[in-house]
Every structure is written in structure tokens, then in C-alpha cells.
Amino acid sequence: DTEVTQTPKHLVMGMTNKKSLKCEQHMGHRAMYWYKQKAKKPPELMFVYSYEKLSINESVPSRFSPECPNSSLLNLHLHALQPEDSALYLCASAREGYEQYFGPGTRLTVT
Amino acid sequence: AQSVAQPEDQVNVAEGNPLTVKCTYSVSGNPYLFWYVQYPNRGLQFLLKYITGDNLVKGSYGFEAEFNKSQTSFHLKKPSALVSDSALYFCAVMGRRALTFGSGTRLQVQP
């Protein structure tokens, strides 16, 4: 099973809302990632978790807050977002140093 | 810093003809190179990787890639294109614990 699941598929939120994106994998991967992708652009790395600890934060604004409750789950908490944060948010997992497997993404629209 | 470049924004090919999507890399040390495909409003799907070994790497859906150290290239190829191959293709290199993607190439296969 090489599946990474993400919920919700679509999310519309106002700039004052608080919401969370969820990601789950059951491949035993110990590295998990959040990427942001704008239309027709490559994914941009946001965060990397390794063995449930945050190992890379690519200078992401604090209105994005990641969380890794256990080795299978990864959350991204959203608060006070801006319209320019509208994008496809992709989760991925990997055995460290190997290919990453991506979820289908959450299409976020900030109004 | 590790980087990859995809010089073509779009590649057009007729169904049944061979296709090539170009990628060049710039790395210090041995490169770990990957190809991913993305269909509209979907996550990225892993196609193939080069870590070490044979310069011709075979992957999913009939795709293959040729690693050329002297030309620092890792071009994606397929002997006979299908209309269903039309998608956005990303070359990537493993950086410090995460992937760095090229800008992407849109492949359009005409019937």
C-alpha cells in the first residue's frame, strides 16, 4: 500500500477562521512533509518531520502551524490566513532518503 | 545547493511517437534524481528514480529515464506516447532531506 490520504479535499475559509488539514499514511514511513503548490508551479517545501520531530521549517509564516501527533498522522493548523495562501497543499511521506509518496492534496481557498 | 532545470515549459508529441522530457541537474556529490507526474487537481505520482547503478532506469507506465553524468542530464523518455500521458511532469533532486523540484514541463499528446 503506497497510499497517502488527505482530508478535506477542498476547503474554503475566511481570513479569521481556524481550520486544520489532515494527512495519514500507513507505510511505516518516518519522514513526512508539507508542500504548498500554486497553479502550474512546482511544489514548495514548507515543513519536514522526521521521527515525529520537526526537522525543517522553510521560514513559513506562523499562521501555518504543523503538528505530528504520531508516526502515521500529520496535521497543518491554519489561522488568520491571507488570500495569497490559497493553493493546493500536498502531504508526502518517505523512508528517509528515498522517494516521496504524495497524497491527492487539499485545495484551499481563502476568502 | 542541489537544483534541477527543465528547459521546456511544454512538449507536444503525436500519439504513438516517442517522447522526451528534458531535465538537467546541478549537485555536489552523487545525485539522487526522480521523476514525478501530476494530473490536473491531483497529487504527484512517483514514476522512477536514479540512485546508482544502470544509467537507464525503467519506471511506471512504460516510462524510462537516461542518466548522463557527462551532460548532467536525466531525460524522461517513452517509446510510444499515449493521449493519457498528457500531464505535468516534474524532475526532482534529493536535497537536505527533501526534494527540490524543477519548474515542470507540460506534456501534450495529440491524438
| remark: Under the Karplus relation with 6.51, -1.76 and 1.60 and θ = phi - 60°, whole-Hz ³J(HN,Hα) for segment B:93-105, x at Gly and Pro, equal 10, 6, x, 6, 6, 8, 7, 10, 9, x, 6, x, 10
| query | Rule-of-thumb check for chain A: C-alpha Rg over 2.2 N^0.38 Å? | reply | 0.99
| request: Within a 10 angstrom radius of each residue's Cβ in B:91-102, how many Cβ atoms of other chains show up on average? Whole number is fine. | output: 5
| remark: Going residue by residue through segment B:27-39, the Karplus relation 6.51 cos²θ - 1.76 cosθ + 1.60 with θ = phi - 60° gives ³J(HN,Hα) values, rounded to whole Hz and with x marking Gly or Pro, of 9, 9, x, 7, x, 10, 10, 9, 10, 10, 10, 10, 8
| Residue farthest toward the positive end of the dipole of the protein assembly as shown, with Cβ of Lys/Arg at +1 and Asp/Glu at -1: which of B:L99, A:L81, B:V109? | A:L81
| Debye, to nearest 20: dipole size of chain B, +1 on Lys, Arg Cβ, -1 on Asp, Glu Cβ | 340 debye
| message | If amide hydrogens are placed 1.01 Å from N in the peptide plane, which non-local residues have theirs closer than 5 Å to the one on B:V11? | response | B:R106, B:L107, B:Q108
| request: Work out the P(r) tail for segment B:3-110: percent of alpha carbon pairs separated by more than 16 Å, whole number. | output: 54 percent
| remark: Residues meeting the amide H criterion for B:A98 (H placed from the backbone, H to H distance under 5 Å, 5 or more places apart or on another chain) are none
| request: Name every cysteine in the protein assembly as shown that ends up alone, with no second cysteine's Cβ under 4.7 Å, or say none. | output: A:C68
| Between the DSSP loop rule and a limit of at most 16 other Cβ atoms within 10 Å, which trypsin sites (Lys or Arg not before Pro) in segment A:57-111 are left? | A:R63, A:R95
| remark: Note, segment B:40-52: 3J(HN,Hα) by Karplus (6.51, -1.76, 1.60, θ = phi - 60°), whole Hz, Gly/Pro = x, goes x, 6, 10, x, 8, 10, 5, 9, 6, 8, 10, 10, 6
| message | With every atom except the alpha carbons ignored, what do you get for Rg and Dmax of the protein assembly as shown, in angstroms? | response | 17.6, 53
| C-alpha center-to-center spacing [segment A:48-111, segment B:2-22] in angstrom | 29 Å
| request: Work from the charge dipole of the protein assembly as shown (Cβ charges, +1 for Lys and Arg, -1 for Asp and Glu, about the Cα centre) and give the residue of B:Q45, A:Y51, B:P79 farthest towards its positive end. | output: A:Y51
| query | So which trypsin sites (Lys or Arg not before Pro) in segment B:41-111 are both in a DSSP loop and have at most 16 other Cβ atoms within 10 Å of their Cβ? | reply | B:R42, B:K69, B:R96, B:R97
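Read-outs throughout are calculated quantities, based only on the coordinates presented, and are distinct from any laboratory measurement. The model shown is predicted, which means the values in this text are computed figures rather than measured ones. FYI the Cβ positions are ideal-geometry reconstructions off the backbone, even for glycines, and counts take in every protein chain you see.
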